[in-house]
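Data block below; observations after.
The values are calculated or read from the model by the stated rules, or taken from the named source; none is laboratory data. Quick caveat: nothing in here was measured; it's all calculated off a predicted structure. Note: ideal-geometry Cβ built from the backbone for every residue, glycine included; neighbour counts use all protein chains shown. Accessible surface areas use protein heavy atoms only, side chains included; no ligands, DNA or RNA. Shrake-Rupley method; radii C 1.70, N 1.55, O 1.52, S 1.80 Å.
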Amino acid sequence: MSQKPKSRGRAGAQAERGSGGEEAPSTSRGPGGAASQGGRRAEAPPTPGPRSQKQLELKVAELVQFLLIKDQRKIPIRRTDILRHVVGDYRDVLPELLQRAAERLEYVFGYRLVELEPRSNTYILVNTLEPVEEDAEMRGDQGTPTTGLLMIVLGLIFMKGNSIKETEVWDFLRRLGVHPTKKHLIFGDPKKLITEDFVRQRYLEYRRIPHTDPVDYELQWGPRTNLETSKMKVLKFVAKVHNQDPKDWPAQYCEALAEEEARARPQTGGTAPTPAPSS
């Protein structure tokens, strides 16, 4: 516990120095500085307005999912990748985003975000827990690097009413650095993985949506997903990533609770007849 604030502090200091270095010249340059530029006055980039707590929470959730995915191969996560794929124009609040993400990773998922070396700008996730079965499922630690991605896709499907357009899936995954047309270091061909491999394994159903131009497809849970996990477990995963309670999504929570109750209910199907005792 005593090491986490230090690692966050180093990351925060780096981010503050990086962002401050870009804006300082435009605020301190006097007329002489402008003349040395050939009479052209460099304009400072517009200062972003204040973000709402909801906006920050959504960005933190993206960052947490990005870090969990990148950690699957146990390769150090570069700060440049975080900035490029997740942070974007939230660069000015990067220290706060890293701090919130680090807290959520440790207290919710049992991972500590650590900078490998001072000023290295590379990070790793250190497992601080001995995972029990359910915790491992929540984090996607089920023996293959692709399970974390599958959990995210399953969550998207459930939260969208049990069916989602393929274009919407890629719109979300692009923000995590996963593109349908680019080879991925961890997942190889992401489009093939999601639309062919997961479908062949019966985790997903992949169907063309009729009367769409351009042609679009939809994704739904497959029969294997319903056997190996549940809507409540996937909803808990989504809630943990967003630092919310599953009950914050009333419709999905009621649906997941109904499924839990149905699974706990004794089967009403007829039983095989008991053979008569032999005389």
Residues being among the hydrophobic types (A, V, I, L, M, F, W, C) and over 19 Å from the mean Cα position of the chain (by Cα) - total across region 212-237: 2
Residues of region 177-192 satisfying the condition of being under 25 Å from residue 88 (Cβ atoms), in a helix (DSSP H, G or I) and open to solvent by 10 Å² or more (accessible area, probe 1.4 Å): 191
Those residues of region 77-94 which are crowded, with 18+ Cβ neighbours inside 10 Å and assigned to a strand (DSSP E or B), in sequence order: 77
Scan of region 155-176 for residues that are within 20 Å of residue 229 (Cα to Cα), open to solvent by 30 Å² or more (accessible area, probe 1.4 Å) and under 13 Å from the mean Cα position of the chain (by Cα), ordered by number: 156
Residues (modelled with pLDDT of 90 or more and farther than 14 Å from residue 162 by Cβ) located in region 240-251: 245, 246, 247, 248, 250
Qualifying residue in region 212-220 (condition: touching a residue at least 24 places away in the same chain (Cβ under 8 Å), among the aromatic types (Phe, Trp, Tyr) and crowded, with 19+ Cβ neighbours inside 10 Å): no
Candidates 98, 68, 56, 94, filtered to the one that is modelled with pLDDT of 85 or more, under 16 Å from residue 174 (Cα atoms) and either of a type outside the set (D, E, K, R) or not assigned by the TED database to the domain that holds residue 119 (or both): 68
Residue under evaluation residue 210, criteria (1) outside any helix (DSSP H, G or I); (2) closer than 30 Å to residue 101 by Cβ; (3) modelled with pLDDT of 90 or more, criterion not met: (2)
